[in-house]
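The structure under discussion appears below in the form of structure tokens.
The values are calculated or read from the model by the stated rules, or taken from the named source; none is laboratory data. Note that the structure is a prediction, hence the values are computed from the model and not measured. Here Cβ is always computed from backbone atoms with ideal geometry, including for glycine, and neighbour counts include all displayed protein chains. In case anyone asks, the SASA skips ligands and DNA or RNA and just uses the protein heavy atoms, side chains included. Shrake-Rupley method; radii C 1.70, N 1.55, O 1.52, S 1.80 Å.
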Amino acid sequence: MLTRTVKATIVAVAALVVAYTGITYIREATAVVTWSGSGRIYSDVRRDSPNLPVIFNEVDSLDFLPKPCPAVGDTVVAVIDSAGVAASLQDWLQNPTRPGDQRLLVCGHAGGRDTTTVVLHGYEARDLLPLYGLEILRLLINIGYLLVGLWAFARRPDSAGVRALTLFSLSMASLMTTGVHLLPGQFAAFEIPWGDLVESIIEVMTFLMGTFWLLLAVLFPRPLGIIRRHPIWSHIVIFLPPSLSVTLQALGVGVSQYVPMLIIGLSIGTGFWVLSWRLASGSDPLERRQLTLVIYGTGIGLGSLLVLVIIGIIPGLARQLGQLARLAMVSFALLALLLSPASFAYAFGRYRLLEVEGKLRRGSRYALVTTALLVVFVAVLFGVSQLLLKLLQVESRTPTLAVAMLSALGFFPVLRRTHGFVERRVYPERAQLQAILSELLSATVAMPDRFTLWQQLEQKLKQSLGVTRMVPILRRSEPAGFVLADGGVAPLREDSALMRELTRPGGAVLVDEARAAGHIETASAEDAWLEKENVWLLLPMSVRGQLIGALALSFDHEHEDLAAEELSLLVSLAAQVALQSENLRLLEENIEKQHLEEQLAMARKVQERFLPQELPATPGLEVAARCIFSLEVAGDYYDVIPLLEDRTLLAIGDVSGKGAGAALLMANVQASLRALAGVQIKLARAVTQLNDVIYGNTEIGQFITFFAAIYDARSGELEYVNAGHNPPRIIREDGTLEQLEVGGPILGVFPKTLYEQGRVVLQKSDMMIAFTDGVSEAIDDNEIEFSEERIVEIVTQHRDRPVEAFLGLIRQAVEEHSGSSSFADDFTLVAMRVR
């Protein structure tokens, strides 16, 4: 029941704060528009207290007609309008006016009174920009707190810590709405109905801001033990001081205006002390990172706001700082307050905590160093201008401008050096770690392979960060996926949420954060592997925006609380290691390629020796042959083998595929054929046995088209067997063509196949041309094949030339057809003519 009441109250308060904030900003937008069109004076006036007169602090003669002008230190008695009505100067200027408006000014001067006319001027763009910028920052802070509070409450309304965050966010939004006013209300175009009543309720929320912060500190990231044991008494103690203050004021008991501020200050200070104590005594790494982010992100903003409050309380201090300094301090405080809702969003989301903390720390240090140097820069310019004006009586601005230009030229180099010095002083371990890892990266130039890189990198990380184990994970292309550097398979999918997270900029993944936040859904295999390897941190390795792998790190318990700077350095290191790894991979591939090329060159020489180096004597025949490899080794084959009794065996074949596998099979065919040729058996039986040998030594899908013929010079007979090869052509002297097709299927597909043997009788000058499909199926740019008919045509047209000559003509014609001197497939021709 109590919980439902609390939740309902939060919803009601949130609705009121959101509605009032929206209406207030609409009203203030009208005030900004009115103020932008109003008039102003260039002179500067001040009032040290309400009971003292307004005094001219600076005087600009352009404000006054006619002369003489007031002098610095003169007091403002009154300004009188055309109707003779007197008013104070500040009342006039804090109401809508127009540029060019004039009023009579009465001022006290040297014990008497002077009268002059004061004229108003319009605002220039440079005068409006600071106000616009501050209003936008104020709006962004308001939106940030409201969004974070409502988002957290919508996600986890039953969490006491989330409810405390929502109340604190609403109170900060209330503070930005009612406690920060940049313009007087008189400039607004309308008044909010029941504005005083609603504003008094909103001011209570503002007053409770410190109390809600203390409540949040004892409940986040989980309730303290005393809260769990004594929830009622704990809440009474926390809410007692503001409750007494409000009660006394309601009863009319005089309470100093500083009491509410003191209560807020003490509550905020106590809240930071509780968070710091929890951080120092905590043991859970995830909770420690949550606490660090909240302390750092909110501490900067609230600390800056506290400084502004102190400056406003101390009389005269704000004016002594000057307008530029006040503007800079207010801007810095508002910018710092923007960090608070962002830090809460990440802390309650429990993801990317170290990354955000690191950005906050580096950004804050850089902003502080830059601000300090700007103060020094302005102080130097002021000192130089005063020196020139008072001591040297130089009224010209040229020397001051020269000093300003010289200082500006040296500002950024000094800023870089100063920032580097501060980084080394604030975090010396970072410099030491960077030196260790830089030494490793320098040594990678001399590393022979990636194994050495991984080994030395792991050793350095163990020494410097307490890493217990490093597992390099590398991407592979075929098949797509990831493997471990030692050859094992990593159960990580390319399309998984974990891998996608690694591809984002700075995408380091702290595994405990990812699990706690539920931000990344990991597959069961991925989760099991991460648990088995005790992976605590995954660092992406990317080259030119492409993820090539990751480094999986495990830590011992002493070093599990990794610092934000260390994480930033590790992310940078992983990117550099990725580049070195890729360079070493390319080097390994190049060495492997050189070894392969050397082996292929040797294999080519061996294979070329398998082919006849010189054609043997062929009784009754003029024979020529040519084989051109498309790769280093070929799958085409031809042979010319002399047999007994003036017989000659001619063979040609084409192994399926190309490269080393086809070449090895071709060598097997050549050896088997020569062995069978020596046993003097019928050609058909020899091919049958050759088929059985090939079938028993090849995998499914490998085959050979083959043609063999034996020519008997004494009888003129040509016996042949065609095993699925392109039919050779017999070209008779009278031009008649015959195709040699008798035989059987291709070799290596079916066992125990019986082949038929064909027979033709050749006469003098009859020719035979045999070829592989690399000749007949060579294509041009339009994918038109060279064709078997063109081969026969060339032979027929040049039959009177030597056999060797028309082989060259066929090659030339194929090259012209395909438009290249290199062939996509092996190119083999065997030709003979009966003498």
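Close amide H partners of residue 78, meaning residues 5 or more places away or on another chain with modelled amide H under 5 Å apart, are 106. Put a plus charge on the Cβ of each Lys and Arg, a minus charge on the Cβ of each Asp and Glu, and nothing anywhere else: the dipole of the range 694-782 about its Cα centre is then about 400 debye. The Rg/Rh ratio of the range 37-185, with both radii computed over alpha carbons and Rh defined as the Kirkwood radius, is 1.21. Over the range 677-762, accessible surface divided per residue gives 48 Å², non-protein components excluded, 1.4 Å probe. Phi angles across the range 18-24 convert, under the Karplus curve 6.51 cos²θ - 1.76 cosθ + 1.60 with θ = phi - 60°, into 3J(HN,Hα) values of 5, 5, 5, 4, x, 5, 4 Hz, Gly and Pro given as x. Taking a ≥ b ≥ c as the square roots of the eigenvalues of the Cα gyration tensor of the range 643-769, is the shape rounded (a/c under 1.5), prolate (a/b larger than b/c) or oblate? Prolate, since a/c reaches 1.5 and a/b exceeds b/c. Amide H of residue 482: which non-local residues (sequence gap of 5 or more, or other chain) have their own amide H closer than 5 Å, using H built in the peptide plane? Residues meeting the criterion, in which the H sits 1.01 Å from N, are 476, 490, 492.
Taking amide H as placed 1.01 Å from N in the peptide plane, residue 468 has its amide H under 5 Å from the amide H of 554, 555, 556, each at least 5 places away in sequence or on another chain.
The distance from the alpha carbon centre of the range 669-699 to that of the range 178-225 is 99 Å, rounded to a whole number. Taking θ as phi - 60° and the Karplus parameters 6.51, -1.76 and 1.60, the scalar couplings of the range 755-764 work out to 9, 8, 10, x, 8, 9, 10, 9, 10, 4 Hz in sequence order, x denoting glycine and proline. For the range 1-79, the C-alpha radius of gyration sits at 2.03 times the compact-globule guess of 2.2 N^0.38 Å, with N the residue count. Taking a sphere under 12 Å around the Cβ of residue 680 and counting the other residues whose Cβ falls inside, with K and R at +1 and D and E at -1, yields a net charge of +2. For the range 668-714, carbon and sulfur atoms together expose 52% of the accessible surface, with a 1.4 angstrom probe and every protein chain in place. Straight-distance candidates among the aspartates and glutamates for linking to residue 752, with alpha-carbon spacing under 13 Å and chain neighbours fewer than 8 residues away dropped: 692.
Whenever you get a sec, compute what percent of the accessible area on the range 1-147 sits on carbon and sulfur atoms (1.4 Å probe). Carbon plus sulfur share of accessible area: 61 percent. Note that the range 448-524 presents 50 Å² accessible area per residue, ligands and nucleic acids not counted, probe 1.4 Å.
Across the range 82-122, the relative contact order, built from alpha-carbon pairs under 8 Å that are at least six residues apart, equals 37 percent. Couplings for the range 267-279, taken from phi via the Karplus curve 6.51 cos²θ - 1.76 cosθ + 1.60 with θ = phi - 60°, read 5, 5, x, 5, x, 5, 5, 4, 5, 5, 5, 5, 5 Hz in order; Gly and Pro are left as x. Computed over the range 688-776, relative contact order equals 35 percent, with contacts defined as Cα pairs under 8 Å that lie 6+ residues apart.
Remark: relative contact order (the range 626-780) = 22 percent; criterion is Cα-Cα distance under 8 angstrom and separation of 6 or more residues. Once all protein chains are placed together, residue 296 keeps about 50 Å² accessible to a 1.4 angstrom probe.
Inter-part distance, the range 723-790 to the range 109-130, computed on C-alpha centroids, equals 109 Å.
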